[in-house]
Amino acid sequence: MALHFVDIVVAMSLQLLLLLSFRYVSFSYCDGAADAHPTLPSRTTLQHPLTPTVASIISETAVDSMPTSANTAASTNASPKHMQSSGLVVPIVLGIDGGTESIRASFFNAHTGHPIGQSYSCAYETYRPNPGWAEQHPEEWYDALCVAVKGALASIDGEIIDTPEDDDDDVNVHHDDENLDEEEGSKQQQTYILKSLCIDTTCCSVVALSSTYTPLRPCLLWMDARSAKEAKLIMDVVKRQVDAAVTASKSSASDSEEEEEEEEEEEENFNKMLLSHFPELRINSAGRGPISAEFLLPKSMWIKQNEPHIWNQATVMCEYQDYMNYRLTGRMVASGCNAAVRWHHDGWEVVQKKKMENGTDGKVISGKDDDDDNIGGVSEDEHRGRPMRLYKALNIEELANKLPKTTLAMGDTVGGLTSKAARDLGLPVGTKVVQGGADAFVGMIGLGTVRPGQICLITGSSHLHCLVTSNADSSSPGTWGAYRGAPLPHLNFSEGGQSSTGSLIRWVRDMTCSGGEGESYKTLDEEALAIPPGCDGLVALETWQGSRTPNTDPLARGALLGLTLSHTRAHVHRALLEAVCYGTRSCLDALENASASSVAAIESNEVVIAGGATRSDLWLQLHADVTGRTIILTENADGPLLGCAILASVGAGIYSSVEEAVESMVRRERRIEPRPEVKKLYDQLYKEVYLKVRPSVTNVFHALANLRGGDGSVDASDIERNGATKITPIIISPSLLASDWSDIKGEVQKCLDAGVPWLHVDVFDGVFLDSPHALTFGPYMIESIRRRFRDRPELVLDVHLCVERPERYVGAMAGAGTTRLIFQWEAMGDEINSAAAFARYITSLGMKCGISINPETDVTVIYPLLDTGMVDVVDVLAVEPGFGGQEFNRVAIQKIEMLRRYRDENLIPRGIDLKILVDGGINSDTSSCAIDAGADILVAGTALFRNPKGFEEALSELQERG
């Protein structure tokens, strides 16, 4: 009893001391620049994790009994829930922005949105192994996050205390940081309670994880364009299926019905049927496509097709966002916003599924790892809101089981910081982690554009233009969306985008300046101010990393047109600034045309802007002049970071809704009006130059992409054939049929080392040749090669299937890692319908498809199959199929010439890409004849592997002929 009395006395004494000390505590905040990068101070007053000292007593006992003061009244902008209390602790939240080049962290007042301390950033590297590719290492994201958060912590002049359980209604907090006594505050430390944190990231940056949630390969960054072919394939497959349905409906129609409608009406009916079968494609220009390589689906298809060993090992396919939340909380969940905008999911449906499972509104979700978050077998109901019919059409149904099972809306609680994450970040264990989403769309919230009719422009390495719409049906060609359930479940928005904007300006800086970063940009802007609008006849295209909208084209590239010797770096800099603004106008115009709900925003002529472009007065004015719209800047132009703070405040219960939080935390500050005379000049340049240049160079860009873009597998040369110039790569494809079978590994390695990764593998069973030597490789050999060289993604395995009942082998070859399956026309009974069905089967399994014809077969019989677009290679056999070492049959030359003419006259104008492969009898003499006739690919076996001169010298001779 005596001991208990002593405890009470000690506790009362400590509390009295605390009350006396707090009398002299005042409050201040450091309003640091959003992009400052302070160095870490040598001394810090932060204690993490907290020990049971005075700080823990404050958080658990003393705070509840603190007296209030009329002189520290609550902010008039705060929610009514907190206006009654005015204590001595300031609630804060942590916003984290994972961008393309770096990750940033900043603390904010949880009520007003004012920054606390300074933001801190840490860069990570982007790797570009081939043109059009862009990769990052997920582990580097997390390492950079730890540095950024600790840097932001060190910039706070005060102490963060832990948050007690269920403190939302009990802790007396001070949240009006505008009424603090600055003089006293300079003498005393401020005390803060960290309520929650929220992270946004780039989207769609795809990560493949093992069963232990370990990355299996570098991330395919959002701007990675390698899956352009897969993106095109999606629309091709869908349109073929819909076309088949249309044909079937016509054939069953009565004779009394009209046989043919007007062309425009037919196209409209076709599109309606497409959307009835695949409604999720409405977001891609109202179902007309194309689909961008940026989306989750084509990226996943690329991995499945080109890296089957990775695909098979991947238990989870997710995004940067999901991976980071998992590292913080131990929960693997998806963001409803990301799923709606880049996964072809219904953002409303996937979130409602989770809420119905919980029987709650989804606002507060336990941080424990329950069964619902595990990846594995799922029921059909688990796929609610997912495009299962589309997955099935593309033969990638397994993707649904690889995605996170749980999807949370932005502002919902993911869980609490694990002990490891807390140690890594220097934050209290259990700190609430709130769901964020795509950086740009979180930026919409940070700019306050959360009501129908509002437009925002997020700038950075890229530009993003977002129009909030009143419904999800506002879709049209030239725009993406409207996305149902994004950025929040009860909202929808349409989107326009430019892939390379701020990155272009950085390119100019890096190319032309040697000074510091800030000084370099300032100098370039000052020089560009002296250049007149139009840059003395120099015009640029900003599509250096592909085009997103209004013309989706991953193969588009940048350009500078009109260069003369009188142009300077200032001209180039300004031309690129103007080009980005032209592209922005094009995107905004497309959004205006897409949605009736955009009328209010367009008539008000306001675009709220955030991001890197706000640091350049010249660029801001150019945006206003070129687009003809008023540019609005908010007090905090860092939309993504403030958006995270808003979501964190809502998740912590500070505000009941995002709209309520926006009213208190977002403030407009500045308006930039277009200059009438300058706008008039830019109108003329936009209509008469920019809009005409873009379509005029499209074919050139696509030709260049064939030379060195996308897969990066081969180099190319210009070849003049029969008086016509044709830009086509000559590919040497070594045939493993003639290699040393006792050392296949060494033979394949030899080819890769020599820079010829496109290998030809003959799978024969002797059906077309009565010889005991006709038995060759099988699926196990293909699988072994692919597994042994799994770290060589450039390896192409063309499998020539010359067997009886070839349908038996297709599934096995797809699973083994075949890149392209080439089947024999003769095995189809010379029947076009059978061949077309078989080609469709091959492509449905994710492989490319080729057709091969024997020397005696008339080449014209395969023309109808080529017209379908399903076949991208014709294998013209110059020998009998079965074994190597045969002489070249000259009849192949005539077939090659006929195929070349048919392709150039009938296929290329329709956008069908076809390569002509000549197979058999190729050596240094016959190769020239085949090339002159029009061959694109030379399959060589004996001439390479069994040449007395050696493999490398033999290869050089063939390449010289090319």
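Close amide H pairs (under 5 Å, H built 1.01 Å from N) link residue 193 with 90, 92, 161, residues at least 5 positions away or on another chain.
Taking the centroid of alpha carbons for each part, region 501-572 and region 280-294 are 30 Å apart. Judged by the mean number of other Cβ atoms found within 10 Å, the most tightly packed of the peptides 934-942, 949-957 leads the ranking 934-942, 949-957.
Summing +1 for each Lys or Arg and -1 for each Asp or Glu among the other residues whose beta-carbon sits under 9 angstrom from that of residue 852 gives -3.
Here the simple spin-label model places points 7 Å from the Cα toward Cβ, and for residue 243 and residue 102 these points are separated by 5.0 nm. Along each principal axis, taking the top coordinate minus the bottom one, the Cα set of region 415-553 gives 56, 45, 26 Å in descending order.
Go ahead and run the numbers for FRET between residue 513 and residue 912, Cβ-Cβ distance against an R0 of 45 Å, rounding to 0.05. Approximately 0.50, to the nearest 0.05.
Coupling constants for region 803-816 follow from the phi torsions by the Karplus curve (6.51 cos²θ - 1.76 cosθ + 1.60, θ = phi - 60°), and in residue order they are 9, 7, 6, x, 4, 5, 9, 4, x, 5, 5, 5, x, 6 Hz; glycine and proline get x. How would you classify region 764-874 from its alpha-carbon gyration tensor, with a ≥ b ≥ c the square roots of the eigenvalues: rounded for a/c under 1.5, else prolate if a/b is greater than b/c, otherwise oblate? It comes out oblate by the Cα gyration axes. Scalar couplings 3J(HN,Hα) for region 272-280, obtained by applying the Karplus form with A = 6.51, B = -1.76, C = 1.60 to θ = phi - 60°, are 5, 5, 4, 6, 6, 7, 10, x, 5 Hz; x denotes Gly and Pro. Taken along the Cα-to-beta-carbon direction at a fixed 7 Å, the label points for residue 840 and residue 657 span 4.9 nm.
Scalar couplings 3J(HN,Hα) for region 283-294, obtained by applying the Karplus form with A = 6.51, B = -1.76, C = 1.60 to θ = phi - 60°, are 6, 9, 6, 6, x, 8, x, x, 8, 7, 5, 6 Hz; x denotes Gly and Pro. What FRET efficiency comes out for the pair residue 794/residue 904, r = Cβ-Cβ distance, R0 = 25 Å, nearest 0.05? For R0 = 25 Å, the calculated efficiency reads 0.30.
Among the GluC sites (Glu not before Pro) in region 824-866, those located in a DSSP loop and surrounded by at most 15 other Cβ atoms within 10 Å of their own Cβ are 831, 856.
Peptides 526-533, 537-544, 661-668 ranked from most to least packed by the mean count of surrounding Cβ atoms within 10 Å: 537-544, 661-668, 526-533. Taking amide hydrogens as placed 1.01 Å from N in the peptide plane, the amide H of residue 334 sits under 5 Å from those of 406, 407, 408, each at least 5 positions away in sequence or on another chain. Please compare each pair in 304/750; 299/692; 299/848; 299/915; 692/848 to a cut-off of 28 Å on the Cα-Cα distance and tell me which ones are over it. Pairs exceeding 28 Å: 299/692; 692/848. The residues neighbouring residue 137, those whose beta-carbon lies less than 12 Å from its own, together hold a net charge of -4 under the Lys/Arg +1, Asp/Glu -1 convention.
Rounded, prolate or oblate: which fits region 534-675 when a ≥ b ≥ c are the square roots of the eigenvalues of the alpha-carbon gyration tensor, with rounded for a/c under 1.5 and prolate only if a/b beats b/c? Verdict is prolate for region 534-675.
With a threshold of 32 Å on the Cα-Cα distance, the over-threshold entries among 232/680; 229/432; 150/402; 150/522 are 232/680; 229/432; 150/402. Based on C-alpha pairs under 8 angstrom that are at least 6 apart in sequence, region 767-918 has a relative contact order of 20 percent.
A protection proxy built from the mean count of other Cβ atoms within 10 Å ranks the segments 792-804, 547-559, 318-330, most packed first, as 318-330, 547-559, 792-804.
Where a number appears in this text, it was derived from the coordinates with a stated rule and is not lab data. Every value quoted in this text rests on a predicted model; they were computed, and no experiment measured them. Cβ atoms come from the backbone with ideal geometry, glycine included; neighbour counts cover every protein chain shown.
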